[in-house]
1. Could you work out the helix-only [θ] at 222 nm for the chain, with each DSSP H run of four or more residues adding -39,500 (n - 2.57) and the total divided by the number of residues, to the nearest 500 deg cm²/dmol?
2. Per residue, how large is the accessible surface of region 1-113? Use a 1.4 angstrom probe and give square angstrom.
3. Leaving ligands, DNA and RNA out of it, rank Ile9, Ile159, Ile98 by accessible area with a 1.4 Å probe, largest first.
4. Working with all protein chains in place, sort Asp115, Asp127, Asp60 by solvent-accessible area computed with a 1.4 Å probe, largest first.
5. Working with all protein chains in place, sort Ile286, Ile352 by solvent-accessible area computed with a 1.4 Å probe, largest first.
6. Report, to the nearest 10°, how far helix 92-105 tilts away from the longest principal axis of the Cα atoms in the chain, using its own Cα long axis and a range of 0 to 90°.
7. Using a 1.4 Å probe over the heavy atoms of the protein chains, calculate the carbon and sulfur portion of the accessible area of the chain as a whole percent.
8. Whole-Hz Karplus ³J(HN,Hα) for region 291-306, in order, using 6.51 cos²θ - 1.76 cosθ + 1.60 and θ = phi - 60°, x for Gly and Pro?
Amino acid sequence: MSANADVAIVGGGIIGCALAAFLAEDGARVRLYERDEVAAGASGRNSGLLQHPMDEALTDIFAASEALYAELGHGFELPPEVVGVLVVGEDAAALEPIRAEIAGQFPELAAEALDAPHELEPALAEDLVAFRLDTGRPVPPAAATRAFAARAREAGAEIREGVAATPLMEGDRAVGVRTPQGEEPAGAVVVAAGPWSAALVDPSGAWRPVVPSWGVNVELRLSHPPRHSIEETGIESLKTSGGAAGPLFSIVTRGGVSALGSTFLPEQPDPAELAPALLERGTRFIPQLAGTHAASVRACARPASPDGRPLLGPLATQALFLATGHGPWGVSLGPGSARLVADAVLGKPANIPPELAATRF
């Protein structure tokens, strides 16, 4: 039995590593367990875009996350300017109500209809319609997660990579974790293991408010990459666990590398098999994709909840906390979510909204 930790964290993605940093900086003895390596999951395999979630329940967390990224340091630099997100389609009459609704709900996004999208973004096909949202900061996948891990270690947290852990229960209380090396006690346990979190909390399978939603990213090097982040209208309908499976177009460029998506699939795909379909679909929007060869392809499982919102804070079981269910918004909302859960663990006023509470399902 190793020395007790005040808090054990299961999962080394963006949320788990940010939690470790915040808790350790607030004086807790923290031990984080990651079965693979830090940022091995969606936090390191996503498209790398900090983007407004366009959900009133999540806007404060997004704003908090941007502020936390700005002060993160440890080799991470938040781009000072947004690149803008272009929402594109083929039918102006169908696109305009979507733009108007966003403009009404989120005026800060300055949802602007574009008369000639191709002139603003030459990479686009000339016959498309689009509107622009004032959001989107491309960052390298995994960069923020590794920076939070470095910050956590600097504050005294112990991060164990290559060690799987499950909550250890005594009655209705979490008392530590069980690892292949044995049982390790802790005063509280936080499960931040992405789509696998529900299975760790309830191995029986009866409670599954979070399920995997698989995405495939195709990385490309284009001669004239888009300056904006671009996504096809309709992607928002795929972001919850009940969304329809199938590829829609999105592309994010950072450092000369473009990440092409998007898929939201219930079963793990073969990314190499799916890549040609994504390229074919994308050619309709970015003509230069025709004949382009992928530099790399990868798949990751996002943690999707039925309502597309995260599950944060304490569970009914004592000393057991949850931080998961962010779907495609993990990087955009991770630090803000981690701050809320860290405060809950430490007994501070956490202000977790009821619509994000871990106990709502």
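The values are calculated or read from the model by the stated rules, or taken from the named source; none is laboratory data. Because the structure is a prediction, the values reported are computed rather than measured. We place every Cβ from the backbone using ideal geometry, glycine too, and count neighbours over all the protein chains shown. With ligands, DNA and RNA removed, areas are computed over all heavy atoms of the protein, side chains included. Shrake-Rupley method; radii C 1.70, N 1.55, O 1.52, S 1.80 Å.
1. Counting only the DSSP helices, I get -7500 deg cm²/dmol.
2. Working: 4730 Å² over 113 residues.
Per-residue accessible area for region 1-113 comes out at 42 Å².
3. Result of the area sort, largest leading: Ile98, Ile159, Ile9.
4. In descending accessible area the options line up as Asp115, Asp60, Asp127.
5. Order by accessible area, largest first: Ile352, Ile286.
6. For 92-105 against the chain, the angle is about 40 degrees.
7. C and S fraction of accessible area: 50 percent.
8. Those phi angles translate into x, 6, 9, 5, 6, 6, 9, 7, 10, 8, 9, 8, x, 9, 10, x Hz.
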